[in-house]
Amino acid sequence: MIRTQIEDKALLEHLESLPDDTREVFLIANGEIRLSAVGTTRIVNQMRANHKTGPVETYVLGQGYTAGALLSSEVKGNDRIQLTIECSGPIGGLNIEAWACGAVRGYIVNNPIPLSEPLKSLDTSPLYGPGFLTITKILEGSKTPFSGQIMLEYGHLAQDLALYYQISEQTPSLFSLSIYFDKEGRVLGSGGLMMQALPECPEDVLTSLQNDSTTLSNMGKWISEGKTVEEYVENSFSKYGVQHLSHAPIGFSCPCNEKNFENYLVNLPQKEKDEILKGEFPLVLQCFNCGTEYKFSKSKLEELFSEGK
């Protein structure tokens, strides 16, 4: 993966003033609720630079990356988890992949999103339309992935994720995905929460958390002010008692590299190689997951194809 340089000097200075992106895991309510929290401001801004997304695309895909960072707390070791949305709305769908180590990558199917008119609110339901949400866990040592799927009901990623866990895993859950923009459209803060009831969690605890979740302060704005994710959780859930379990760095990362694309080109059928050599140069191949472009000159391709023979 090649990181696209962020050119906005004011944004770069702001990012330097913020804590690193992290994933924090807690127990609250006497150990009845597992809470994962992430700060994703750098992830979302680097994603925006690499994928060249506008404000609406950044909002939608940024929520997907934040959700992926949260879901990465569900797997361990070298395991990874995939969040896939297939839908008929203007976004076309999302594909997000996150590793237990905290690496996140992914893309929005339609970039830019074809909109007939500008959005007048942060209501994303018209962007999704009917479709399906799938979560797949790819576990090291397992021959087959584990997948679950639901139909989209809300068109709001946080609510549809909560619905997925309620239906597919019978786990009452709450999600919050927050991206805070300034008036110039810069992402100044981004973060998210995932709260899940552990077995035999009392109903009154769930009801209380559900009610309190509607009055949570804006997490993205909190992070934009230089405060940490851990401070946000301790401040927001102090009455429940907060036990900090783990801390991990997270980041936008993709294992793609030029060598992988060279191998792909070398293994093409000879007819396709001949057609490529008749085309325009440089040949540009893009990794969907991170937006990195790999460019190949005609002489480089002739060398690769010759070696392939």
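In the range 1-128, how does Rg compare with the Kirkwood Rh, expressed as the Rg/Rh ratio over alpha carbon atoms?
1.00
Can you give me the relative contact order of the range 166-219 as a percent, contacts being Cα pairs under 8 Å and 6 or more apart?
34
Roughly how many debye, to the nearest 20, is the charge dipole of the range 183-309 about its Cα centre, given +1 on each Lys and Arg Cβ, -1 on each Asp and Glu Cβ, and no other charges?
So the magnitude is around 480 debye.
Heavy atoms only, probe 1.4 Å: what % of the accessible area of the range 124-202 goes to carbon and sulfur, would you let me know?
Here carbon and sulfur together make up 55 percent of the probe-accessible area.
Most fluctuating residue of Ser73, Ser116, Ser176 in a GNM of the chain with Cα springs under 10 Å: which is it?
Highest fluctuation among the options: Ser116.
Of the candidates Tyr240, Tyr165, Tyr264, which one comes out as most mobile in a Gaussian network treatment of the chain with C-alpha springs shorter than 10 Å?
Tyr264
Under the rule that a partner needs its Cβ under 4.7 Å from the first Cβ, which Cys of the chain have none?
Cysteines lacking a close Cβ partner in the chain: Cys87, Cys101, Cys201.
Would you tally the net charge around Gly220, using a Cβ to Cβ cut-off of less than 15 Å, leaving Gly220 out, and scoring K and R as +1, D and E as -1?
My count for the surroundings of Gly220 gives +2.
Using only DSSP helix segments of four residues or longer, with each worth -39500 (n - 2.57), what per-residue ellipticity at 222 nm results for the chain after dividing by its residue count and rounding to 500?
Helices in the chain give a 222 nm mean residue ellipticity of -10000 deg cm²/dmol.
Too long at a 20 Å Cα-Cα cut-off: which of Lys52/Lys221; Lys143/Lys259; Lys52/Lys295; Lys9/Lys120; Lys137/Lys259?
Violating the 20 Å limit, Cα to Cα: Lys52/Lys221; Lys143/Lys259; Lys9/Lys120; Lys137/Lys259.
Only Cα pairs within less than 10 Å get springs; with that Gaussian network setup on the chain, which residue of Phe281, Phe132, Phe181 has the largest fluctuation?
Result: Phe281 has the largest fluctuation of those listed.
So I have (1) 53, 48, 40; (2) 57, 42, 38; (3) 69, 48, 38, and one of them is Cα extents along the principal axes in Å calculated from this model. Which one is it?
(3)
Return the FRET efficiency for the residue pair Asp274, Glu184: r is the Cβ-Cβ distance, R0 is 41 Å, and the value is rounded to the nearest 0.05.
0.25
What accessible area per residue comes out for the chain, rounded to a whole number of Å², with a 1.4 Å probe?
Ligands and nucleic acids excluded, the result is 49 Å² per residue.
What number comes out for the charge environment of Asn45, summing +1 per Lys or Arg and -1 per Asp or Glu over other residues with Cβ under 14 Å away?
Result for the local shell: -3.
What's the local net charge at Gln159, with K and R +1, D and E -1, over the other residues with C-beta under 15 Å away?
Neighbour charge sum, excluding Gln159 itself: -3.
What whole number of Å gives the distance from the Cα centroid of the range 60-137 to the Cα centroid of the range 182-213?
18
The values are calculated or read from the model by the stated rules, or taken from the named source; none is laboratory data. Small disclaimer: the values here were computed from a predicted structure and weren't measured. Methodologically, a virtual Cβ is constructed for each residue, glycine included, from the backbone with ideal geometry; neighbour enumeration extends over all protein chains shown. For accessibility, only protein heavy atoms count, side chains too; no ligands or nucleic acids. Shrake-Rupley method; radii C 1.70, N 1.55, O 1.52, S 1.80 Å.
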